[in-house]
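The values are calculated or read from the model by the stated rules, or taken from the named source; none is laboratory data. Not measured: the values here are computed from a predicted model. So basically every Cβ, Gly included, is an ideal-geometry build from the backbone, and we count neighbours across all protein chains shown. Keep in mind that these areas ignore ligands, DNA and RNA; they rest on the heavy atoms of the full protein, side chains included. Shrake-Rupley method; radii C 1.70, N 1.55, O 1.52, S 1.80 Å.
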Amino acid sequence: MSAAAGEADAPLVAIRDLAVAFDGVKALHGTDLTVGRGEAVGLVGESGCGKSVTWLAALGLLPSKAQVTGSVTLEGRELLHAAPATLDTVRGGRIAMIFQDPASALNPVIRLGKQVGEALALHRGLSGSAIRAEAKRLFDLVGIPDSQRRLDAFPHELSGGQNQRVMIAMALAGEPDLLVADEPTTALDATIQAQILELLTTIRRETGMALVLISHDLGVISETCDRVCVMYAGRIIETARSEELFAQPL
């Protein structure tokens with residue numbers, strides 16, 4: 001096998017033996033997980049089993065009191081305990097995360113266009129009118145109506161579904177290779193939920209980005225993901241292709 005072929009087969013992100021403890025109490029017991037380029041991976045399990053903690057730990061977003069061990073690599077480069085400057089280029093630029101609750105993830109006193117603009121300036125080096133033009137393009141991409149006017153709106157002026165779209169636009173601002181969506185449809189009604197998932201699938205198809213979808217909803221996972229990892233009590237206990245898991249779950 002040539003070196004180029006080996007590189008193509010190598011996972012985009014590889015998590016190996018990742019363990020997390022808070023005040024000596026283990027929350028993760030050695031998680032192994034890989035995500036290939038362009039792949040959609042579902043992470044399912046009951047509340048508190050460690051789904052979100054896995055990715056918060058991988059991206060260095062846990063509080064300092066968390067004890068994190070193991071290995072997290074992005075194209076072979078170690079991220080765990082990497083220098084802040086390294087993580088700043090990875091977070092948002094290579095790996096973006098959509099958090100569970102847009103109401104608390106968006107700043108209530110800063111206009112939406114400015115919040116998306118900060119990500120564009122940081123990760124793409126845009127400035128001036130180019131920021132506003134690109135922010136409008138992203139708002140159009142994620143299906144926010146009257147996008148020009150919405151750039152000057154505050155989060156409380158939009159519905160929950162529209163704020164979730166803003167979060168997706170912000171995550172896409174850095175043109176990431178991997179998008180981690182943490183329960184992106186929890187607080188939304190069924191119709192909006194379907195629209196958001198369709199949007200994520202379309203963006204994946206158009207940009208070739210990989211997706212990790214964290215969810216309790218097995219229906220959502222079966223429609224969206226190629227492969228599913230089932231978590232229980234801080235461990236991944238089953239991994240299978242999506243159709244296999246739902247046909248013959250262990």
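For the pair residue 140 and residue 9, the difference between a 0.36 nm per residue extended length and the Cα-Cα distance amounts to 43.7 nm.
Pop out the carbon and sulfur fraction of the accessible area of region 22-147 as a percent, whole number, probe 1.4 Å.
On the way: 3240 of 5880 Å².
C and S atoms contribute 55 percent here.
The ellipsoid equivalent to the alpha-carbon distribution of region 1-144 has semi-axes of 29, 22, 15 angstrom, derived from the gyration tensor eigenvalues as √(5λ) and listed largest first. Identify the residues of region 36-55 with backbone N under 18 Å of a label point that sits 7 angstrom from the Cα of residue 226 along the Cα-to-Cβ direction, or state none. Residues 36-44 qualify, since their backbone N sits under 18 Å from the label point.
Only one residue of 61, 10, 93 has its Cα farthest out toward the positive end of the dipole of region 1-98, where Lys and Arg carry +1 and Asp and Glu -1 on Cβ, and that residue is 61. Among the lysines of the chain, pairs at least eight places apart or on separate chains and with Cα atoms under 20 Å apart come to 4.
The residue 83 and residue 62 beta-carbon pair, evaluated with R₀ = 22 Å, returns a calculated FRET efficiency of approximately 0.85. Estimated purely from DSSP H runs of n ≥ 4, each contributing -39500 (n - 2.57), the mean residue ellipticity at 222 nm for the chain is -11500 deg cm²/dmol once divided by its residues. Computed about the Cα centre, the dipole magnitude for region 162-248 is approximately 100 debye when only Lys and Arg (+1) and Asp and Glu (-1) carry charge, each at its Cβ. Between the alpha-carbon centres of region 147-216 and region 116-131 there is a gap of 19 Å. When +1 charges are put on Lys and Arg Cβ atoms and -1 charges on Asp and Glu Cβ atoms, the dipole computed for the chain relative to its Cα centre reaches about 660 debye. In the context of the full set of protein chains, the chain has a per residue accessible area of 47 Å² (1.4 Å probe). Label sites at residue 206 and residue 194, each approximated as a point 7 angstrom past Cα along Cα to Cβ, lie 2.1 nm apart.
Listed peptides 243-250, 219-226 appear in the order 219-226, 243-250 once ranked by packing, highest mean of other Cβ atoms within 10 Å at the front. Collect residues whose amide H, placed 1.01 Å from N in the peptide plane, falls under 5 Å from the amide H of residue 40; neighbours closer than 5 in sequence don't count. Here 211, 226, 227 satisfy the definition. Full extension of the chain between residue 237 and residue 22 yields a length gain of 75.2 nm, computed as 0.36 nm times the residue separation minus the alpha carbon distance.
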